[in-house]
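The block underneath contains the structure these notes are about, expressed in structure tokens.
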Amino acid sequence: MADLITNISKLKLKNPVMTASGTFGFGTEYSDFIDLSKLGGIVVKGITPKPRQGNPYPRMVETASGMLNAVGLQNKGVDYFIEHIYPEISQYNTEIVVNINGGSIEEYCEVASKINNLDKVNAIELNISCPNVKQGGMLFGIHCPSAIAVTKAVRDVYNKTLIVKLSPNVTNIVEFAKAVEDNGADAVSLINTLLGMAINSRTRRPSLSTVTGGLSGPAIKPVALRMVWQVHKAVKIPVIGMGGIMNATDAIEFILAGASAIQIGTANFINPAITVEIVEGINDYLEQNKFKSISDLVGALEC
């Protein structure tokens with residue numbers, strides 16, 4: 001096999017294939033379908049300081065070449081995660097990354113400081129696509145000063161690998177990537193979902209209870225590829241790419257664009273074994289094209 005080892009700052013992955021938060025649960029849901037030890041890493045569903053019920057149903061709807069979701073970060077809170085979930089998933093032979101969320105900088109720091117104490121979790125993914133309740137609902141991820149403030153504050157309380165997940169719903173994503181890099185991010189992951197909506201013409205009502213939701217799947221891949229390519233050229237820290245990756249060819253395109261690792265999201269709902277198939281497909285591509293290491297492929301796009 002080719003050398004698939006991937007380094008995301010201090011986080012060492014056995015291969016570049018990770019799961020995207022919110023699409024793979026805590027990994028236990030997929031353990032009957034695949035050998036989790038074959039994955040580079042699992043990014044668990046979003047964790048908040050206190051339990052959240054999520055948004056009312058309906059909160060998922062299929063769209064052309066993708067899906068919209070407005071689940072609303074349903075989870076039982078960080079303390080429940082530490083007490084009940086962590087003991088089981090800490091036994092996995094793969095890296096565990098915890099996606100953290102909050103409605104204020106203080107809430108982000110509360111979750112990050114608690115996760116910092118978990119020996120088997122070597123990275124967090126800071127989801128800055130959450131509304132800042134102290135600023136009237138302004139999303140941290142679309143207001144650069146807020147993105148800087150929350151990244152800097154979490155950096156102060158978290159001493160392992162800090163990945164900041166960027167929102168595509170901005171004019172210039174490079175500005176945000178450089179800003180979080182300058183304020184303590186060890187890596188960036190992109191893209192989060194694009195804001196969209198769907199309408200039921202029969203009922204003349206929105207298809208989602210929240211009217212708008214996050215668009216994912218193949219429809220967003222060209223946008224995601226472009227943003228990964230732009231960010232890779234602008235920052236020195238590793239980039240983790242995601243957005244419409246459905247097979248190994250898609251994953252390789254993201255790596256060529258500059259992604260050191262990739263995350264699989266919507267495809268998990270269609271094929272529970274897709275992550276392992278993509279690992280195998282990347283290895284086949286490297287061998288067929290005489291690449292000795294996955295690192296040789298990162299950013300190898302010829303323009």
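Bear in mind these aren't lab numbers, they're just calculated from the coordinates by the rules spelled out. The shown structure was predicted, so the numbers you read here are calculated from the model rather than taken from an experiment. Please note: Cβ atoms are built from the backbone with ideal geometry, for glycine as well, and neighbour counts cover all protein chains shown.
Here is how the numbers come out for the structure above:
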{"quantity": "Using θ = phi - 60° and Karplus 6.51 cos²θ - 1.76 cosθ + 1.60, couplings along the stretch 273-285 (whole Hz; Gly, Pro as x)", "calculated": "9, 5, 4, 5, 4, 6, 4, 5, x, 5, 4, 4, 4"}
{"quantity": "Calculated FRET value between HIS143 and ASP182, using beta carbons and R₀ = 22 Å, to 0.05", "calculated": "0.85"}
{"quantity": "Inter-part distance where the stretch 200-240 and the stretch 45-119 are each reduced to a Cα centre, Å", "calculated": "20 Å"}
{"quantity": "Among GLN263, GLN288, GLN74: highest mean-square fluctuation, GNM of the chain, C-alpha pairs under 10 Å", "calculated": "GLN288"}
{"quantity": "Average Cα contact separation per residue, the stretch 120-230, under 8 Å, 6 or more apart, as relative contact order %", "calculated": "22 percent"}
{"quantity": "Eligible aspartates and glutamates near LYS10 by straight Cα distance, threshold 18 Å, same-chain separation 8 or greater", "calculated": "GLU95, ASP119, GLU125, ASP156, GLU181, ASP182, ASP186"}
{"quantity": "Highest-fluctuation residue, ALA267, ALA219, ALA259 considered, GNM on the chain with Cα pairs under 10 Å", "calculated": "ALA219"}
{"quantity": "Test item: Cα-centred dipole of the chain, Lys/Arg +1 and Asp/Glu -1 on Cβ, debye", "calculated": "820 debye"}
{"quantity": "Candidates PRO168, PRO16, PRO206: whichever shows maximal mean-square fluctuation once the chain is modelled as a Gaussian network with Cα springs under 10 Å", "calculated": "PRO206"}
{"quantity": "Segment LEU118-ASN271, extension gain: residue separation times 0.36 nm, minus the distance between their alpha carbons", "calculated": "52.0 nm"}
{"quantity": "P(r), alpha carbons of the stretch 174-290 - 5 Å bins starting at zero, rounded %", "calculated": "2, 11, 19, 17, 17, 14, 10, 6, 3, 1, 0, 0"}
{"quantity": "Net dipole in debye of the stretch 1-107 [+1 Lys, Arg Cβ; -1 Asp, Glu Cβ; about Cα centre; nearest 20]", "calculated": "160 debye"}
{"quantity": "Under-22-angstrom lysine pairs by C-alpha in the stretch 107-200, whenever the two are 8 or more apart or on separate chains", "calculated": "12"}
{"quantity": "Filtered trypsin sites (Lys or Arg not before Pro), the stretch 106-202: DSSP coil and at most 12 other beta carbons within 10 Å", "calculated": "LYS120, ARG202"}
{"quantity": "DSSP bridge pairs, the stretch 101-231: antiparallel proportion in percent, nearest 5", "calculated": "50 percent"}
{"quantity": "Calculated FRET value between ARG204 and SER65, using beta carbons and R₀ = 35 Å, to 0.05", "calculated": "0.90"}
{"quantity": "5 angstrom amide H check on HIS143, placed H, neighbours 5+ away", "calculated": "none"}
{"quantity": "Unit charges at the beta carbon, dipole of the stretch 174-226: most positive-side option, SER209, ALA185, ALA219", "calculated": "SER209"}
{"quantity": "Spin-label model distance (nm) - THR28 vs GLU106, 7 Å beyond Cα toward Cβ", "calculated": "3.2 nm"}
{"quantity": "Kirkwood estimate for the chain, i.e. one over the average of 1/r between Cα atoms, Å", "calculated": "19.2 Å"}
{"quantity": "Rounded to the nearest 20 debye, dipole of the stretch 56-125 from Cβ charges on Lys, Arg, Asp, Glu", "calculated": "180 debye"}
{"quantity": "From phi via Karplus (6.51, -1.76, 1.60), per-residue ³J(HN,Hα) for the stretch 88-93 in Hz, x at Gly/Pro", "calculated": "7, 6, 5, 7, 5, 8"}
{"quantity": "Cα lying deepest toward the dipole's positive end in the chain, options SER104, ASN159, ILE245, charges on Cβ", "calculated": "SER104"}
{"quantity": "Cross-link reach list, lysines versus LYS290, counting only Cα pairs under 26 Å and skipping chain neighbours closer than eight places", "calculated": "LYS12, LYS14, LYS38, LYS233"}
{"quantity": "Cβ crowding within 10 Å averaged over residues, with 122-130, 93-101 ranked highest first", "calculated": "122-130, 93-101"}
{"quantity": "Residues MET246, MET60, MET1, MET18, sorted so that the one with the fewest Cβ neighbours within 10 Å comes first", "calculated": "MET1, MET60, MET246, MET18"}
{"quantity": "Gained length - MET197 relative to ASP296, 0.36 nm times residue gap less alpha-carbon distance", "calculated": "31.7 nm"}
{"quantity": "Residues whose placed amide H lies under 5 Å from that of GLY77, excluding near-sequence neighbours", "calculated": "THR48, ARG52"}
